[in-house]
1. Do you know which residues across segment 19-68 are at pLDDT below 90 and crowded, with 19+ Cβ neighbours inside 10 Å?
2. Charged (D, E, K, R) and closer than 30 Å to SER8 by Cα: does that describe LYS138?
3. Which residues, counting only those in segment 163-184, are surrounded by 15 or more Cβ atoms within 10 Å (Cβ to Cβ) and more than 20 Å from the chain's Cα centre (by Cα)?
4. State yes or no: is GLU112 under 22 Å from LEU68 (Cα atoms) and acidic (Asp, Glu)?
5. When segment 1-28 is examined, which residues are found to be more than 11 Å from ASN44 (Cα to Cα), among the small types (Gly, Ala, Ser) and touching a Leu at 6+ places or on another chain (Cβ under 8 Å)?
6. Please tell me if THR131 is more than 24 Å from GLN20 (Cβ to Cβ), in contact with a Leu (Cβ under 8 Å, 6 or more places away or on another chain) and crowded, with 17+ Cβ neighbours inside 10 Å.
7. State all residues of segment 69-109 that are touching a Cys at 6+ places or on another chain (Cβ under 7 Å) and modelled with pLDDT of 95 or more; if no residue qualifies, say none.
Amino acid sequence: MRKRQYDSVMSAIQDVYGGQTGEVHMQRVYGGDINDAYQVKLSNGETVFLKTNTFGRLHFFETEIDGLLAMRATKQIGVPKPLGFGTDQDKGISFLMLEFIHGTSRRETYWEHFGHQLASMHKAECSQFVTGEDRDVKYGFLTDNYIGSNPQKNSLKSSWISFYRDCRLAPQMNMAEGYFDPKMRKQCRYLLDHLDAYLREPEDSSLLHGDLWSGNVICGNDGNAWILDPASYVGDFETDLAMTQLFGSFPASFYAAYHEINPIEKDFFERRDIYHLYHLLNHLNLFGRSYLGSVRDILNRYTTIK
Ligand code: ADP
């Protein structure tokens, strides 16, 4: 497991690849929401992926490594290897250096394979990521982390419904308070108080990617899906599936293959919007009012308050 902190990008490169190695070419990579990203070609012929942000965002990258390492530890799906993180005083940045995933064309059974691999990751042993004194703990994560650039609490809990209420919906609802009218405030309170009428305690907990939209999936040089940029924690696998259906959807063959390994219950669709609500609130808090209508629609669907 590699989670080394460095005091410059160059010291990270030279520790990983040897003292003579330098960077020969840096090219911007677009597609992310939050950070600046680069493909960096090195003098030894290797290529690394570098994400940077302002100096103060070091913790953001540290927690991304925790998520990447946890998903890699399941050995079920392609996840880029973290090579180091740190700050660079001269450049005024914090950074994360990863194995560069060179794309190629998708194998014919790309979606089926991806469905099998994600389901296998969700079924993998995950108790090591929720270690605490209380042996009943099933949900949470080793550390708090971030969803986009907003904080994400991962306090250890024995109940999924309590976890989803206290660590997911309530903090985002509090953050979004200024956007809500009195009716929406009441609806939020009602939903938090009645969450057990809509959600269920899953049979097993799963290690989750946590932010699984199509922009966080790329095809690796094995022709398979690799998953990136996680907001990982241990929770209900349905939340990852819900996220894949928030902005469009993966093809039906993905879900059919997923179902072969980890069955999707029929009433998943009744819970899906409540899992969408977390991400829509987060988008409202990150990007503004254009997400308010979608939040309101979901609150209207699950509450009957006038
Ligand atoms: P952000 O944290 O800003 O959202 P991402 O982690 O999503 O940034 O990365 C931005 C883009 O860079 C991704 O959409 C993907 O196309 C590409 N990318 C991310 N990680 C790698 C990697 N390890 N190798 C190659 N390309 C990557």
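The values are calculated or read from the model by the stated rules, or taken from the named source; none is laboratory data. Just so it is clear, the structure is predicted and the values come from calculations on it, not from any experiment. FYI the Cβ positions are ideal-geometry reconstructions off the backbone, even for glycines, and counts take in every protein chain you see.
1. Across segment 19-68, there are no qualifying residues.
2. no
3. Those that are surrounded by 15 or more Cβ atoms within 10 Å (Cβ to Cβ) and more than 20 Å from the chain's Cα centre (by Cα): ALA176, TYR179, PHE180, MET184.
4. no
5. Of everything in segment 1-28, just one residue is more than 11 Å from ASN44 (Cα to Cα), among the small types (Gly, Ala, Ser) and touching a Leu at 6+ places or on another chain (Cβ under 8 Å), namely ALA12.
6. It is false that THR131 is more than 24 Å from GLN20 (Cβ to Cβ), in contact with a Leu (Cβ under 8 Å, 6 or more places away or on another chain) and crowded, with 17+ Cβ neighbours inside 10 Å.
7. ARG106
Conditions (1) free of Cβ contacts under 8 Å to residues at least 24 places away in the same chain; (2) under 18 Å from ILE34 (Cα atoms); (3) β-branched (Val, Ile, Thr), marked per residue:
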| residue | (1), (2), (3) |
| --- | --- |
| LYS51 | no, yes, no |
| LEU58 | no, yes, no |
| LEU69 | no, no, no |
| ILE77 | no, no, yes |
| THR87 | no, yes, yes |
| PHE95 | no, yes, no |
| PHE100 | no, no, no |
| SER105 | no, no, no |
| GLU108 | yes, no, no |
